[in-house]
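Before any comments, here is the structure.
Nothing in this text is a laboratory measurement; each read-out follows from the coordinates by a stated rule. Values in this document were obtained by computation on a predicted structure and should not be read as measured data. FYI the Cβ positions are ideal-geometry reconstructions off the backbone, even for glycines, and counts take in every protein chain you see.
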Amino acid sequence: MKVGVFFYSWTGHTKEVAGIIADHYIAELNEIKEKVDRKGRLDFFRGIFQAFFGSNVDIIMPSNKPEDYDMVFLGTPVWAGRQVPAIKTFVEKTNWADKPTFIFLCQSANSQKYMNTVSLFMEGHQANVIGSLYINDKCSKEEIKERVLEKISKLKINKKEEE
Ligand SMILES: Cc1cc2nc3c(=O)[nH]c(=O)nc-3n(C[C@H](O)[C@H](O)[C@H](O)COP(=O)(O)O)c2cc1C
């Protein structure tokens, strides 16, 4: 089974989780980047505004697409309780029909409340959401690893030790 990890990360948290997943599983990392890098406070507030109003942004498309994989992990931060513009743009530009998708959500809040929003958004794009996990900014690297592996260990995907 071919597994891909797609993610967007501004400050590195989601990227770290994506790396843990890709490191443990036979999974390719695909980073979604904005064409114009964000810097500083102004871009923070612009990000809140864009997420709140559902704006799209110019992104650099990764060379792989969700349809290149049998199963996909999608990693995203939460901005203003909504979709991050780069992820919204990427999802709208790609085909998710029936794609088994595991969502990991990085956020500063310690609650499940944003998960529904993102799951519904993905289901609205016909993804088959097979699982989800939120990870709080305060989690240590060890905690992240433990929580990720516990949650996804039941998924039938190729682990490195099964090679
Ligand atoms: C513009 C902006 C808005 C955010 N809004 C929220 C929010 O509504 N709720 C929340 O829990 N965290 C919010 N955060 C925090 C991020 O979701 C969190 O720090 C996440 O781990 C960042 O991921 P990254 O390091 O991969 O970019 C926001 C961060 C930014 C930059």
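Rounded to the nearest whole Hz, the Karplus-based 3J(HN,Hα) values (6.51 cos²θ - 1.76 cosθ + 1.60, θ = phi - 60°) of the stretch 14-22 follow the sequence 5, 5, 5, 5, 4, x, 5, 5, 5, with x at glycine and proline. Estimated from helices alone, the mean residue ellipticity of the chain at 222 nm is -10500 deg cm²/dmol (sum of -39500 (n - 2.57) over DSSP H runs with n ≥ 4, per residue). Expressed as an acute angle from 0 to 90° and rounded to the nearest 10, what is the orientation of the C-alpha long axis of helix 115-124 relative to the principal long axis of the chain? That helix lies at roughly 80 degrees to the long axis. Using alpha carbons only, the radius of gyration of the stretch 40-163 set against its Kirkwood radius gives Rg/Rh = 0.97.
Just list whichever of 35/151; 33/99; 15/35; 39/138; 15/39; 33/151 have alpha carbons separated by over 25 Å in the model shown. Cα-Cα > 25 Å for 35/151; 33/151; rest within.
Between 0 and 90 degrees, the angle of helix 40-52 with respect to the longest Cα principal axis of the chain falls at about 80 degrees. When each of the peptides 129-140, 84-95, 52-63 is scored by how many other beta carbons lie within 10 Å of its residues on average, the order from highest to lowest is 84-95, 129-140, 52-63.
How many angstrom separate the Cα center of the stretch 102-155 from the Cα center of the stretch 38-99? If we compute the Cα centre of each part, the gap is 15 Å.
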